[in-house]
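Here the structure comes first, spelled out in structure tokens, and everything after it is commentary.
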Amino acid sequence: MKSITIAEVADIVGGELAGPVIDTPDHLISGVNSLADAGSSELSFLANKRYKGQLETTAAAAVFLSATQSAPDGLGIIRVDDPYLAFAKLQRHFYPLPSGAGKQHVSAVIDESATLAENVDVGPNAVIGANATIGAGTIIGPGCVVGENVQIGKNCILNANSVVAYDCILGDGVILQAGATIGADGFGYAWDGMKFLKIPQAGRVILEDDVEVGANASVDRGAIGDTVLERGVKLDNLVQIAHNVRVGAFSVMASQVGISGSTVIGKGCQFGGQSGVAGHLVVGDGCKLAGKSGVLGDLEAGGVYAGSPAMPHRMWLKVSALMMKLPEMLKAQQK
Amino acid sequence: MKSITIAEVADIVGGELAGPVIDTPDHLISGVNSLADAGSSELSFLANKRYKGQLETTAAAAVFLSATQSAPDGLGIIRVDDPYLAFAKLQRHFYPLPSGAGKQHVSAVIDESATLAENVDVGPNAVIGANATIGAGTIIGPGCVVGENVQIGKNCILNANSVVAYDCILGDGVILQAGATIGADGFGYAWDGMKFLKIPQAGRVILEDDVEVGANASVDRGAIGDTVLERGVKLDNLVQIAHNVRVGAFSVMASQVGISGSTVIGKGCQFGGQSGVAGHLVVGDGCKLAGKSGVLGDLEAGGVYAGSPAMPHRMWLKVSALMMKLPEMLKAQQK
Amino acid sequence: MKSITIAEVADIVGGELAGPVIDTPDHLISGVNSLADAGSSELSFLANKRYKGQLETTAAAAVFLSATQSAPDGLGIIRVDDPYLAFAKLQRHFYPLPSGAGKQHVSAVIDESATLAENVDVGPNAVIGANATIGAGTIIGPGCVVGENVQIGKNCILNANSVVAYDCILGDGVILQAGATIGADGFGYAWDGMKFLKIPQAGRVILEDDVEVGANASVDRGAIGDTVLERGVKLDNLVQIAHNVRVGAFSVMASQVGISGSTVIGKGCQFGGQSGVAGHLVVGDGCKLAGKSGVLGDLEAGGVYAGSPAMPHRMWLKVSALMMKLPEMLKAQQK
């Protein structure tokens, strides 16, 4: 990785040098590291209060700090509005996202009716189906399967062994982590008195621009109509999105979350790991769910919820504390 | 899709025209859609009471309704015993399940000792191991791996990148969604004082006729003896079935359910998403579990359970309501 | 499978013949089976008290029993220190772990810069990236993808369609079950006021010797620094390990467990299915979590926990029993 000066770092992140580094703007920076592990040619940052004490001992050349964060004397500082964002920007400088260069491995099976724009990479043993279209700069990783009639935008990255089933649509900048499946059949059957009749899942999945889907996560195609993740939605590993769900722009779901069929999630929501939402519900914009929440009813916009069944987070804090007092309460009652 | 007359629709689903459509039996129907989105050449149905108001405004040519469901004046109706089943039957007419046609892609690796019946499709880069046998009409999707000695019945569909490990047996009409793994090793180790000794998982997985396994779900092979999903079992995405589990016919498990080793699940059970059952238990026929239930003991047939630890659903409704009253109860006690 | 005498069985497991089998040391044993299913040429064992009654009726040639386990008259016995370990050792005799023999399928894509030791198997349609190194006796299954610069030790087994992303390191004896993904990007974004900026995940995953990762499980690469599973860690199917987690040696996690980012898990821990641990926590050595536990704070070494939020298991037993008494408690209070 090519080193850059600390003055260039400040420039990249839109920050200002402070502390002793003011006098050494040409000091070379080779990367970013944690407070504990950073060396004298590395930048660092304070992302979690838990690690604040490490500001005293870090060997980092400088630390991204906001205007209100105090620092020990002698610490190199780059003052920024948002230290975490500054960290992200600097890392993106050192590790830009990969982009396709037109390398199509001879072992890839690309249907002759598929249309690949310029600079599309297709990895070994990947499969591109009939009439698929793939935009410029997109990387289709080894072992990926892209079904018939799939449309994939520009600068997407499909990591190894991920799958996009027929007819699904991915916007620009979409990233699928390894093993993610887009467009598997939704879970729908009708009982005919003797057995289950499988209901055709005739809809699609639409992933708008900048959606990312985690490793081994699954987004099912709609039964009728589409399953839609609006732009900027981020799903962690092993998340389940059932048929006909819609997730609003920039909502974020941690690992192992499950959203049941036809539920509509608002924009800018944040769901903790292993939380779940029942089917046919409406969750308003900006809702937050603690990990392991179980949502059984509609939620108003902007709320913070926890528990199963989910309740306001404040109430949950009280209730879960009182649950541990139940033995005492029973004793008191029995006196 | 080829349109059919509304009279033909009534015939396919075993229903009767009612309302104004009685006079237009030759009206052409091109598909099925939701009440909100259906156009004048589409059928619709009422599957969830939540959408009942849309009967007033739908533009659908007609709606599947049961004898007891009322409808606004002027609404086209096809009276049926079970509207959801009628919807399923009509969709199956428009979207029949695919069936193999004998297309084996040149890039597929099919061991010369494998036996493929007529009309088996094998997709690009799929792998079929030694001595595997595959029944007529089955489709092995791109990137699938079928291990040695695997037996697969007729008219199965293995979607992209799904895996069936050695010796496992699939009946007729089995469907695996993308990324599903059948026959991975069960989770078994014995501590030898210094390290874990891996216990060979010498059994198989047997999926009886008409089983469906969801995307990225896993059904482990038995340690001794087999893991068995009886006919018609349906597993949603990301479900975990541990070694030596037996699931009774027509039981249905929603996404992210986990069943621990050697547990026996009865017939006709319905498990909500993210529920879990501990190992070596017996769950009776027809049990229902709410989402997120955690089962730690045997369950009698026909019960409905919720919560973790699981309790009768009625009790759980009371208990979870009272939990939110704990702050008041404590206050009252402290007076 | 080649039969062996019961005297040889006793030798393999370090046990002693007892009961009638003392007189028939040359009796041939062809395998191991459950008490219920074993025939007269099979050994069996009692692993779960639930099945104790079957000692009376088993047809097994003999049963592994510890010195303190009683047995009905006439039952063939092999006395051992640990019956479950004896079972494991005998099964390993009958089913040794497979090892590579240098078979590299012609359809595999092995970069010319990769270095494969002797006796490495590479299955059909597997992909080995540039500069990867793979140790002797390792088996790369069909459809697996091994990224650039990956280092894999000796005698590893990568089952079908598993993925190891670039730069990750696997020690000796590592096993990946089908569909496992090692080294997908961790889940990290910084909000830039308009959209999420993806934070490069520049670290690696390091799986030390004898680690096993279950089917469709995911271990993410570190954001900065590495995600590490120490030697002998065993993960069941569909487990999620987030970026920069460290799991101590010989810890074991059942299916669908999720560990959030930067959390440090001690050695010798045992986590029940569907349990979860929040991010940036420290869990001490030897902790046990019941299934579905939700851990929101640091845990001291050696504790046993249950519930969400997790509490000491003994307290959870009381609390969960009392929850079901809430209706009575309220009634009593209202009198």
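Among the residues of region B:174-210, what is the count of those that are more than 7 Å from every other protein chain (Cβ to nearest Cβ) and small (Gly, Ala, Ser)?
Total meeting the criteria: 6.
A:His105 passes all but one of (1) over 25 Å from the mean Cα position of the chain (by Cα); (2) within 21 Å of A:Val211 (Cβ to Cβ); (3) within 8 Å of chain C (Cβ to nearest Cβ); which number fails?
(2)
Kindly provide the set of residues from region C:211-231 that are buried (at least 24 other Cβ atoms within 10 Å of the Cβ) and within 11 Å of chain B (Cβ to nearest Cβ), ordered by number.
If the condition is that a residue be buried (at least 24 other Cβ atoms within 10 Å of the Cβ) and within 11 Å of chain B (Cβ to nearest Cβ), then C:Val211, C:Glu212, C:Val213, C:Gly214, C:Ala215, C:Asn216, C:Ala217, C:Ser218 are the ones that fit.
In region B:216-235, what count of residues is obtained for those that are free of Cβ contacts under 8 Å to residues at least 40 places away in the same chain, out of contact with any Leu (no Cβ under 6 Å at 6 or more places or on another chain) and part of a loop (DSSP other than H, G, I, E, B)?
Within region B:216-235, residues that are free of Cβ contacts under 8 Å to residues at least 40 places away in the same chain, out of contact with any Leu (no Cβ under 6 Å at 6 or more places or on another chain) and part of a loop (DSSP other than H, G, I, E, B) number 8.
Inspect all residues belonging to region A:76-94 and state whether any of them is assigned to a helix (DSSP H, G or I) and surrounded by fewer than 16 Cβ atoms within 10 Å (Cβ to Cβ).
Checking region A:76-94: not a single residue is assigned to a helix (DSSP H, G or I) and surrounded by fewer than 16 Cβ atoms within 10 Å (Cβ to Cβ).
Suppose we filter C:Gly137, C:Gly171 for residues that are within 14 Å of chain B (Cβ to nearest Cβ) and either among the small types (Gly, Ala, Ser) or in contact with a Cys (Cβ under 9 Å, 6 or more places away or on another chain) (or both); which single one remains?
None of the other options fit; the residue is C:Gly171.
B:Ser262 fails exactly one of the following numbered conditions: (1) free of Cβ contacts under 8 Å to residues at least 60 places away in the same chain; (2) on the phi < 0 side of the Ramachandran plot; (3) touching a His at 6+ places or on another chain (Cβ under 9 Å). What is the number of that condition?
Just one mismatch for B:Ser262, condition (2).
Looking at A:Met324, A:Met315, A:Met329, A:Met311, which is the one that is more than 19 Å from the chain's Cα centre (by Cα), without any contact (Cβ under 8 Å) to a residue 12 or more places away in the chain, more than 8 Å from chain B (Cβ to nearest Cβ) and closer than 20 Å to C:Pro327 by Cα?
Only one candidate passes the filter, namely A:Met324.
Give me a count of the residues in region B:112-139 that are part of a strand (DSSP E or B) and among the hydrophobic types (A, V, I, L, M, F, W, C).
6
Just one of (1) within 29 Å of the chain's Cα centre (by Cα); (2) aliphatic (A, V, I, L, M); (3) farther than 18 Å from C:Ala7 by Cα trips up C:Ala59, so point out which.
That leaves (1) as the condition not met.
If you check C:Ala126, C:Ala86, C:Ala114, which single one turns out to be small (Gly, Ala, Ser) and in contact with a Pro (Cβ under 8 Å, 6 or more places away or on another chain)?
C:Ala126
For region C:179-200, name all the residues that are charged (D, E, K, R), surrounded by 19 or more Cβ atoms within 10 Å (Cβ to Cβ) and either more than 16 Å from A:Pro83 (Cα to Cα) or in contact with a Ser or Thr (Cβ under 6 Å, 6 or more places away or on another chain) (or both).
Scanning region C:179-200 gives a single hit, C:Asp185.
Condition first: aliphatic (A, V, I, L, M) and either modelled with pLDDT under 95 or part of a loop (DSSP other than H, G, I, E, B) (or both). Now tell me which residues in region B:33-50 satisfy that.
Residues satisfying the conditions are B:Leu35, B:Ala36, B:Ala38, B:Leu46, B:Ala47.
How many residues, within region A:140-165, are surrounded by fewer than 24 Cβ atoms within 10 Å (Cβ to Cβ), more than 10 Å from every other protein chain (Cβ to nearest Cβ) and not polar (S, T, N, Q)?
Residues in region A:140-165 being surrounded by fewer than 24 Cβ atoms within 10 Å (Cβ to Cβ), more than 10 Å from every other protein chain (Cβ to nearest Cβ) and not polar (S, T, N, Q): 3 in total.
Could you identify the single residue in B:Gly294, B:Gly303 that is surrounded by fewer than 24 Cβ atoms within 10 Å (Cβ to Cβ), without any contact (Cβ under 8 Å) to a residue 40 or more places away in the chain and not acidic (Asp, Glu)?
It is B:Gly303.
Among what's in region C:240-251 and is out of contact with any Asp or Glu (no Cβ under 7 Å at 6 or more places or on another chain) and crowded, with 22+ Cβ neighbours inside 10 Å, pick the residue that is nearest to the other protein chains (Cβ to nearest Cβ).
Only one residue fits best here, namely C:Gln240.
Sort through B:Ala101, B:Ala71 and tell me the only one that's surrounded by fewer than 20 Cβ atoms within 10 Å (Cβ to Cβ), touching a helix residue (DSSP H, G or I) at 6+ places or on another chain (Cβ under 7 Å) and without any contact (Cβ under 8 Å) to a residue 60 or more places away in the chain.
B:Ala71
Quick check on region C:18-30. Is at least one of its residues in a loop (DSSP other than H, G, I, E, B) and either within 30 Å of C:Ile140 (Cα to Cα) or of a type in the set (S, T, N, Q) (or both)?
Scanning region C:18-30, I find at least one residue that is in a loop (DSSP other than H, G, I, E, B) and either within 30 Å of C:Ile140 (Cα to Cα) or of a type in the set (S, T, N, Q) (or both), so the answer is yes.
Please pick out the residue among B:Ala290, B:Ala242, B:Ala301 that is under 19 Å from B:Val211 (Cβ atoms), modelled with pLDDT of 95 or more and of a type in the set (A, V, I, L, M, F, W, C).
B:Ala242
Which number in (1) hydrophobic (A, V, I, L, M, F, W, C); (2) within 27 Å of C:Gly276 (Cβ to Cβ); (3) touching a strand residue (DSSP E or B) at 6+ places or on another chain (Cβ under 6 Å) marks the one condition that B:Cys269 misses?
Single failed check for B:Cys269: (3).
Of the conditions (1) among the hydrophobic types (A, V, I, L, M, F, W, C); (2) out of contact with any His (no Cβ under 7 Å at 6 or more places or on another chain); (3) in the same structural domain as C:Gln151 (by TED's automatic domain parsing), C:Val122 satisfies every one except a single condition; which number is it?
(2)
For region A:176-209, enumerate the residues that are assigned to a loop (DSSP other than H, G, I, E, B), under 20 Å from B:Ser162 (Cα atoms) and aliphatic (A, V, I, L, M).
Those that are assigned to a loop (DSSP other than H, G, I, E, B), under 20 Å from B:Ser162 (Cα atoms) and aliphatic (A, V, I, L, M): A:Ala178, A:Ala180.
All but one of (1) surrounded by fewer than 20 Cβ atoms within 10 Å (Cβ to Cβ); (2) closer than 27 Å to B:Gly186 by Cα hold for C:Gly276; which doesn't?
(1)
Starting from residues that are aliphatic (A, V, I, L, M) and outside any loop (DSSP other than H, G, I, E, B), keep the ones in region C:252-265 and report whichever is farthest from the other protein chains (Cβ to nearest Cβ).
Once the filter is applied, the top-ranked residue is C:Ile265.
Give the residue, chosen from A:Ser44, A:Ser40, A:Ser99, A:Ser70, that is within 13 Å of chain C (Cβ to nearest Cβ) and not aliphatic (A, V, I, L, M).
A:Ser44
The values are calculated or read from the model by the stated rules, or taken from the named source; none is laboratory data. Treat the numbers as computed from the prediction; the structure is a model and nothing was measured. Every residue, glycine as well, gets a Cβ built from its backbone with ideal geometry; the counts of neighbours run over all protein chains shown.
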